[in-house]
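To keep things clear, I will list the structure first and then write my remarks on it.
Here, each number is a calculation from the coordinates, and none is a lab measurement. Since the model is a prediction, treat every value here as computed from it, not as a measurement. Don't worry about glycine lacking a Cβ; one is built from the backbone with ideal geometry, like all the others, and counts go over all protein chains shown.
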Amino acid sequence: MRFLVTIAKWLFILCLPVLLVTASIGWLANSLWLYQHGFEKYQVGITTGLTDSELEKTAIGLISYFNSGEEYISLTVIKDNQPLVLFNEREVIHLKDVKGLIRLDYWVLLGTTIYAVGYVVGRLFWNRRDYRRLAWALVGGGSLTLGLILALGLWALVDFDQLLLQFHLLSFANEFWQLDPTHDYLIMLIPRGFLYDATLICAGATAAGAVILGGVGGGYLWFARRKK
């Protein structure tokens with residue numbers, strides 16, 4: 001029994017970084033603010049020739065597509081007073097692949113959340129006074145998350161292009177992600193700098209979650225020690 005309890009604790013610690021990362025990715029994938037910030041910062045309106053209202057329409061369309069049951073995206077905007085089908089066939093296929101990754105993120109988030117909540121409830125139900133072990137697990141999970149985020153952040157700061165390349169090579173089985181910034185609207189909308197900022201924001205949000213969880217566990221341990 002003790003062996004199973006130990007395995008369950010370590011699974012809980014290991015699932016916390018995954019839970020926090022997938023939660024951050026899910027939040028960013030649905031963040032209209034992120035798109036608006038990136039469009040303004042990188043002057044996407046000038047690059048694409050689209051007005052602010054059409055850019056907002058595009059961002060809302062992408063978010064809706066990622067959460068819809070549609071297999072392929074079909075998004076029409078107005079450019080120079082003329083309707084324009086925004087994405088070509090190559091971009092449409094790539095966005096389908098991106099949608100698959102986002103759906104996978106949702107499922108992993110759901111699974112890790114269920115396990116984490118189940119572990120906490122089960123741990124407290126099994127021994128209502130065993131808060132100390134749970135607190136150490138939170139500290140361990142938070143610390144592991146911060147270590148991983150620090151490594152990822154350093155990689156992004158040192159060589160973001162290589163990080164981005166490895167992510168695409170690992171995530172996509174085709175080459176439709178290789179787009180032309182002078183021709184394909186998708187990469188005009190989401191340039192390298194946009195992705196760099198999104199990565200740092202994701203890392204920051206994940207780190208903040210790790211600090212909160214680790215702080216809860218560490219705070220309990222500190223107060224428990226003070227009471228002795």
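Can you list the lysines whose alpha carbon sits under 27 Å from that of Lys41, skipping same-chain ones fewer than 8 residues off?
List returned: Lys57, Lys79, Lys96, Lys99.
Describe numerically, in nm with one decimal, the distance between label points set 7 Å from Cα along Cα→Cβ at Trp27 and at Ser53.
So the two model labels end up 3.2 nm from each other.
Counting other Cβ atoms within 10 Å of each Cβ, which trypsin sites (Lys or Arg not before Pro) in region 83-166 have at most 16 and sit in a DSSP loop?
Values: sites: Arg90, Lys96, Lys99, Arg103, Arg123, Arg128, Arg129, Arg132, Arg133; in loops: Arg128, Arg129.
Qualifying residues, ordered by number: Arg128, Arg129.
Rounded to whole Hz and in sequence order, give me ³J(HN,Hα) for region 65-70 from the Karplus expression 6.51 cos²θ - 1.76 cosθ + 1.60, θ = phi - 60°, writing x for Gly and Pro.
Running phi through 6.51 cos²θ - 1.76 cosθ + 1.60 with θ = phi - 60° gives 4, 4, 10, 9, x, 6 Hz.
For Cα Rg over 2.2 N^0.38 Å, pick the label among (i) 0.97; (ii) 1.02; (iii) 1.23 that corresponds to the value derived from the coordinates.
The value matching this structure is (iii).
In degrees from 0 to 90, rounded to the nearest 10, what is the angle of the helix 192-227 Cα long axis to the longest principal axis of the chain?
Value to nearest ten degrees: 10.
So if R0 is 41 Å, what FRET efficiency would Thr76 and Leu154 give, r being the distance between their Cβ atoms, rounded to the nearest 0.05?
Values: r = 42 Å, r/R0 = 1.03.
With a Förster radius of 41 Å, E is 0.45.
For region 105-150, evaluate the Debye formula with one uniform point scatterer on each Cα (no solvent term) and list log10 I(q)/I(0) at q = 0.16, 0.18, 0.21, 0.30 Å⁻¹, rounded to two decimals.
-0.54, -0.66, -0.81, -1.02
Distance in nm between label sites at Val5 and Phe172, each 7 Å beyond Cα in the beta-carbon direction?
4.9 nm
Ignoring the sites themselves, what is the longest stretch of the chain with no GluC sites (Glu not before Pro) in a DSSP loop and at most 14 other beta-carbon atoms within 10 Å?
Working: sites that count: Glu70, Glu71, Glu175.
Within the chain, the longest run free of exposed GluC sites (Glu not before Pro) spans 72-174.
So if R0 is 41 Å, what FRET efficiency would Val117 and Lys41 give, r being the distance between their Cβ atoms, rounded to the nearest 0.05?
Details: r = 37 Å, r/R0 = 0.90.
Efficiency computed from Cβ-Cβ geometry: 0.65.
Cut-off under 28 Å on the C-alpha distance; same-chain residues fewer than 8 positions from Lys9 excluded. Which lysines are left, in chain and number order?
Answer for Lys9, where 28 Å is the Cα cut-off: Lys227, Lys228, listed by chain and number.
Quick one: Cα centre-to-centre distance for region 208-226 and region 1-25, in angstrom?
17 Å
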